[in-house]
Amino acid sequence: MREEERVALIIDFDGTAATTNVGMSLIEAFAKDDSWRVIDDDYERGKVGSKRAFELLAEVLGGTPEEWAGFIETGHTLDPDLSTLVECATSKGWSVEILSDGLDFYIHRMLERENISLPVRAATLSHNGVRAIIEMSYSDVDCGRCSTCKKSRVEELLAGGYRTIFIGDGLSDRCGAPSADRIFAKDKLAEHLREHGIGFEHFETLSDVTQALFGAEDKGD
Ligand SMILES: [Mg+2]
Ligand SMILES: [Zn+2]
């Protein structure tokens, strides 16, 4: 009998597990003024990492936890194939997790809404009665740029003997995706990997990923 392979499936949240960028929408909806646009622009241009961006954005983010919760109930949905992908992977004994440079608050809520239970690594959004607080437990000193450093997590899994499969779409995935054994990418992440000559498989929805990972396996050989 061949030794069972340990596989970790790492799924980005905003724009990947969720069909929209919920974090960005939340900030846009509750920002006290327009300064978030400058912060976001600096992040897009690579002038600041997400860690610094979140430190600044926490000061700009208005609203209360009740208002945030109400906001994400409207117009933000998960990819309809997330549950199938998770079921297929867990039935094979794979480790599956959400690894996000966003905020845990809406990730937990949106997963619970669809009865999907997954470990989540993301920054923590809370409110101290006066203002929003963002705690970044998964930042990494060596990287220094990411609020949740995906590279350090991928490397941790590799060191634990896992074959890593990474699914992502955006700027926050640039740090971690290249370290993974197999990459599914779209949008800005796909552009970045293409520019740097890093191989990946393109996807549009999680249905494509499910098909690529599990689609042909029942045909027998
Ligand atoms: Mg994303
Ligand atoms: Zn990083």
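The values are calculated or read from the model by the stated rules, or taken from the named source; none is laboratory data. Values in this document were obtained by computation on a predicted structure and should not be read as measured data. Reconstructed Cβ throughout: ideal geometry from the backbone, glycine too, with neighbour counts over all protein chains shown.
For the list (1) without any contact (Cβ under 8 Å) to a residue 60 or more places away in the chain; (2) under 23 Å from Val154 (Cβ atoms); (3) not polar (S, T, N, Q), I need the number of the one condition that Glu73 fails.
It is condition (2) that Glu73 fails.
Which one of Glu97, Glu112 is modelled with pLDDT of 95 or more and more than 16 Å from the chain's Cα centre (by Cα)?
Answer to the check: Glu112.
Residues Lys188, Lys150: which one is in contact (Cβ under 8 Å) with a residue 60 or more places away in the chain and over 19 Å from Thr84 (Cα atoms)?
Lys150
Counting just the residues of segment 182-201 that are assigned to a loop (DSSP other than H, G, I, E, B) and in contact with a Phe, Trp or Tyr (Cβ under 8 Å, 6 or more places away or on another chain), which one comes out farthest from ligand 1 (Cβ to nearest atom)?
Phe200
Inspect segment 64-72 for any residue being over 15 Å from Phe105 (Cβ atoms) and either at pLDDT 95 or above or more than 15 Å from the chain's Cα centre (by Cα) (or both) and give the result as yes or no.
no
Any residue in segment 155-168 that is touching a residue at least 40 places away in the same chain (Cβ under 8 Å), assigned to a loop (DSSP other than H, G, I, E, B) and closer than 23 Å to Trp68 by Cα?
There is no residue in segment 155-168 that is touching a residue at least 40 places away in the same chain (Cβ under 8 Å), assigned to a loop (DSSP other than H, G, I, E, B) and closer than 23 Å to Trp68 by Cα.
Given the criteria within 16 Å of ligand 1 (Cβ to nearest atom) and of a type in the set (S, T, N, Q), does Thr164 qualify?
No.
Take the residues of segment 47-63 that are buried (at least 16 other Cβ atoms within 10 Å of the Cβ) and within 16 Å of ligand 2 (Cβ to nearest atom): which is nearest to the chain's Cα centre (by Cα)?
Of everything passing the filter in segment 47-63, Ser50 is nearest to the chain's Cα centre (by Cα).
Taking the condition more than 16 Å from ligand 1 (Cβ to nearest atom), at pLDDT 95 or above, assigned to a loop (DSSP other than H, G, I, E, B) and polar (S, T, N, Q), does Ser207 pass?
no
Can you pull out the residues in segment 123-133 that are surrounded by fewer than 19 Cβ atoms within 10 Å (Cβ to Cβ) and either within 16 Å of ligand 1 (Cβ to nearest atom) or touching a residue at least 40 places away in the same chain (Cβ under 8 Å) (or both)?
Passing the criteria: Ser126, His127, Arg131, Ile133.
Tell me, which helices (runs of 4 or more DSSP H) wholly within segment 1-63 include 2 or more residues that are in contact with a strand residue (DSSP E or B) (Cβ under 6 Å, 6 or more places away or on another chain) and either within 16 Å of ligand 1 (Cβ to nearest atom) or not hydroxyl-bearing (Ser, Thr, Tyr) (or both)?
Correct list: 22-30, 50-60.
With the requirement that a residue be exposed (fewer than 14 other Cβ atoms within 10 Å of the Cβ) and either under 27 Å from Arg113 (Cβ atoms) or away from ligand 2 (no atom under 16 Å from the Cβ) (or both), what does segment 21-46 give you?
Answer for segment 21-46, where residues must be exposed (fewer than 14 other Cβ atoms within 10 Å of the Cβ) and either under 27 Å from Arg113 (Cβ atoms) or away from ligand 2 (no atom under 16 Å from the Cβ) (or both): Glu28, Lys32, Asp33, Asp34, Ser35, Arg37, Val38, Asp41, Glu44, Arg45.
Taking the stated definitions as given, is Ser152 surrounded by fewer than 21 Cβ atoms within 10 Å (Cβ to Cβ) and among the polar types (S, T, N, Q)?
yes
Consider Glu67 against the criteria (1) surrounded by 14 or more Cβ atoms within 10 Å (Cβ to Cβ); (2) assigned to a helix (DSSP H, G or I): it satisfies all of them except one. Which criterion is unmet?
(1)
With (1) basic (Lys, Arg); (2) farther than 18 Å from Leu82 by Cβ; (3) away from ligand 2 (no atom under 16 Å from the Cβ) as the list, and Arg113 as the residue in question, which single condition is left unmet?
Condition not satisfied by Arg113: (2).
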